[in-house]
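Everything below concerns the one structure shown next.
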Amino acid sequence: MIQPNANVKQGFLDKYFSGQAIDYRQVIALFIPVLIDQIFVVGLNLINTAMISSAGVAAISAVNMIDSINIFLISVFIAVSTGGTVVVAQYKGSGNDAMVSKATAGTVSSVSLLAFVIGLFGILFHGPLLNILFGAADPDVMSNARIYLIGSSISYLGIAVVEAVCGAMRGIGRTRASLVLSLIMNLVYVALNLIFINLMHMGIHGMTLSINIARYLGAFCALFYLLRMDSSLRIQLRDIISVNLSMLKRIMFIGMPFAAEQMFFNGGKILTQIFIVSMGTYAIAINAIAASFAGVMQIPANALSITIITVVGQCMGRGDVGDAKKFVKSFIAVSSLSFVVMGLLVLPFFHPILTLFHPPAEIVDDIFLIVLINTIAQVPLWSISFVVPSALRAAGDSKYTSIVSMLSMWLFRIVLGYLLGIVFHMGILGVWLAMDCEWAIRGSIFFKRFLGQKWYRHRVI
């Protein structure tokens, strides 16, 4: 009885998750470490949010506010590292190992330089940034926010090195290495938060200290792995310090449109955050906690959207469009199914999980309503809105995906969020409904693009 079922399962996986040069075993080997990484990253962020919430509503509100700025700034160099992932994956697919090494070194050098500049900007202009964006916040929230923003900006170079190395390793297919590096950084971060926040009661100062130690330790480990432990790439320190303009151009071809997209996209999120700040400290807390639940729901889907970059990138490096299309369709189906599974796993334990955040009783019902609506909306909408553009970007169609994402964010999520949340007095619920509507619009546009031919006619390498 077992053997026929095993054969059916293997036949299903072969049909939908195997191609000419990559089979389902390799896809699973790529996906599992990324999934574990996402579980730890989201889980540890959940724990960190819970720990800082013990310092009060002002502290969690400050962290949520500044994290919107952090996401905006960090997303720029993460976008460039994604460009490196695509270039590395396509060279790997074409079998050019020498160029794989050059692309890896170019990714680390370009991302690190960009992060240094962005971090310096955050340190020098933290005051104007806070006053312009969150001037309406309460004084105690603003005080905590100032400390956290400066500390976060200092740490950008550390996380940039880790992201660049991990991105290159994912492009090659060595997702286990990227998993280990990510775990080192994030586990140290949580352990230090436990010491500095819960045991030493240092509050936001402790969180700031933790994030810097963890990220620079992660950067040291990432460089040590690249320069000393991975003998196949043969990368030396001078390869990272020097700038290869030809390679930089290839990386930026993918990375810069994505970086622009992320700036506009996350800039829209910051503007939305401004709406929320004007609604009061409780609204900020509701948004932060609901976002933590959404992050948990998205763990498998996020892992799939990261994995598809490597899979499609290597398919396009071989010039195999048919395999790329098949994998995209399969990943969309599995991603959508994952939201059903996660909803069934998480929602029954909503109240026990919620106690981690110590929310005031007045906001519990609002949090549950937002989480419930968003859980349902994610099933049909999230995958076409995020998995599909990852695949298009891996094929070199980065300019189109960036333009669509920027326009949909600013024309729909922001405008509709303001109308529903402020004008029609729906509050934080209106902002989240606007986000779900924006997913539907841009997801439909991306899926229509995928059904056409233009997305796979770009030349990256």
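The values are calculated or read from the model by the stated rules, or taken from the named source; none is laboratory data. Nothing here was measured: the structure is a model prediction, and the numbers come from that model. When we count neighbours, we look across all protein chains shown, and the Cβ atoms used for this are built from the backbone with ideal geometry, even at glycine. These area figures cover heavy atoms from the full protein model, side chains too; ligands, DNA and RNA do not enter into them. Shrake-Rupley method; radii C 1.70, N 1.55, O 1.52, S 1.80 Å.
Find, to one decimal place in angstroms, the Kirkwood hydrodynamic radius of segment 282-322, where the mean of 1/r is taken over every pair of different Cα atoms and then inverted.
One decimal place: 12.5 Å for the Kirkwood radius.
Among G119, L392, I78, flag the residue with its Cα farthest along the positive direction of the charge dipole of the chain, charges on Cβ as +1 for Lys/Arg and -1 for Asp/Glu.
Towards the positive end, the residue furthest out is L392.
Report the full-extension gain for the segment N198 to V346: residue separation times 0.36 nm, less the Cα-Cα distance, to one decimal in nm.
50.7 nm
Probe 1.4 Å, all protein chains in place: accessible area of Y400 in Å², nearest 10?
Approximately 70 Å² of Y400 is accessible to the 1.4 Å probe.
Give the residue from M185, I172, H358 lying farthest towards the positive end of the charge dipole for the chain; charges sit on Cβ (+1 for Lys and Arg, -1 for Asp and Glu) and the dipole is referred to the Cα centre.
I172
What do you reckon, how do R25, R318 stack up by accessible area (1.4 Å probe), largest on top?
Sorted descending by solvent-accessible area, the residues read R25, R318.
Given H placed 1.01 Å from N in the peptide plane, which residues other than close sequence neighbours of Q236 have an amide H under 5 Å from its amide H?
Close amide H contacts, sequence-distant or interchain: none at all.
So what's the projected area for segment 252-352, the Cα convex hull averaged over all directions, in nm²?
Hull-based average projected area comes out at 8.5 nm².
Helix 57-94 versus the longest principal axis of the chain: what is the Cα-based angle in degrees, 0 to 90, to the nearest 10?
Here the helix axis deviates by roughly 10 degrees.
Spelling out what I want: for every residue of segment 17-27, take phi, set θ = phi - 60°, compute 6.51 cos²θ - 1.76 cosθ + 1.60 (Karplus), and round to whole Hz; glycine and proline get x.
Each residue's phi maps through the Karplus curve to give 10, 10, x, 5, 10, 9, 10, 5, 5, 5, 4 Hz.
So if I average 1/r over every pair of distinct C-alpha atoms in segment 285-429 and take the inverse, what Kirkwood radius in Å does that give?
Computed over segment 285-429, the radius equals 17.0 Å.
In whole Hz, what ³J(HN,Hα) sequence does segment 445-461 give by Karplus (6.51, -1.76, 1.60; θ = phi - 60°), x for Gly and Pro?
Karplus-based 3J(HN,Hα) across segment 445-461 equals 5, 5, 5, 5, 4, 4, 6, x, 10, 5, 5, 9, 9, 8, 10, 9, 10 Hz.
Per 0.36 nm of contour for each residue apart, how much would the distance between I32 and F116 grow if the chain were fully extended, relative to their Cα-Cα spacing?
Gain on stretching I32 to F116: 27.1 nm.
Given 37 °C and 0.692 mPa s, compute D for the chain with the Stokes-Einstein relation, Rh being the Kirkwood radius over Cα pairs; round to the nearest whole µm²/s.
Translational diffusion coefficient: 146 µm²/s.
Highest mean first, what order results for 75-84, 237-246 on Cβ atoms within 10 Å?
75-84, 237-246
Taking only protein heavy atoms and a 1.4 Å probe, what accessible area per residue, in Å², does the chain have with all protein chains in place?
Accessible area per residue: 42 Å².
Counting only the heavy atoms of the protein chains, how much of K399 is accessible to a 1.4 Å probe, in Å² to the nearest 10?
Estimated to the nearest 10 Å², K399 gives 140 Å².
In Å and whole numbers, how far do the C-alpha atoms of segment 91-223 stretch along each principal axis, longest first?
57, 34, 19
Averaging over every viewing direction, what projected area does the convex hull of the Cα atoms of segment 68-153 cover, in nm²?
Convex hull of Cα atoms, orientation-averaged projection: 5.9 nm².
What relative contact order, as a whole-number percentage, does segment 413-459 give when Cα pairs under 8 Å and 6 or more residues apart are counted?
30 percent
In debye, nearest 20, what is the charge dipole magnitude of the chain about its Cα centre with +1 on Lys and Arg Cβ and -1 on Asp and Glu Cβ, if you could check?
In debye, rounded to 20, the chain gives about 1740.
With all protein chains present, calculate the accessible area of R170 using a 1.4 Å probe and round the result to the nearest 10 Å².
Counting only protein heavy atoms, the figure is 40 Å².
Given a 1.4 Å probe and every protein chain left where it sits, what share in percent of the accessible area of segment 309-438 is carbon and sulfur?
For segment 309-438, the apolar C and S fraction of the accessible surface comes to 77 percent.
Running Debye on segment 183-236 with equal point scatterers at the Cα sites and no solvent, what base-10 log of I(q)/I(0) appears at q = 0.21, 0.25 Å⁻¹?
So the normalised log intensities work out to -0.69, -0.84.
For segment 228-302, max minus min Cα coordinate along each principal axis, in Å, sorted largest first?
Result, largest extent first: 53, 27, 22 Å.
Using a/c under 1.5 as the rounded threshold, could you call segment 141-288 rounded, prolate or oblate? The axes a ≥ b ≥ c are square roots of the C-alpha gyration tensor eigenvalues, and prolate needs a/b larger than b/c, oblate otherwise.
Judged from the Cα gyration tensor, segment 141-288 comes out oblate (a/c at least 1.5, b/c at or above a/b).
If one computes the Cα centroid of segment 279-299 and of segment 135-165, what distance in Å separates the two points?
Segment 279-299 and segment 135-165 have Cα centres spaced 19 Å from each other.
Computed FRET efficiency, Cβ-Cβ of A361 and L337, R0 41 Å: what is it to the nearest 0.05?
Given R0 = 41 Å and the Cβ-Cβ separation, E is 0.70.
Could you work out the relative contact order of the chain, using alpha carbon pairs under 8 angstrom and six or more residues apart, expressed as a whole percent?
23 percent
May I have the extent of the alpha carbons of segment 422-461 along their three principal axes, as whole Å values ordered from largest to smallest?
Per principal axis, max minus min of the Cα coordinates gives 49, 21, 12 Å.
If you take the beta carbon distance between L411 and F447 as r and set R0 to 22 Å, what does 1/(1 + (r/R0)^6) give as a FRET efficiency, to the nearest 0.05?
Once the sixth-power term is evaluated, E becomes 0.75.
Carbon and sulfur atoms: what percent of the 1.4 Å accessible area of segment 150-280 do they account for?
70 percent
For the pair I39 and F224, what calculated FRET efficiency results from E = 1/(1 + (r/R0)^6), where r is the Cβ-Cβ distance and R0 = 25 Å, to the nearest 0.05?
0.50
Just subtract the alpha-carbon distance of H205 and I270 from 0.36 nm times their residue separation and send over the number in nm, one decimal.
Gain on extension, H205 to I270, equals 21.1 nm.
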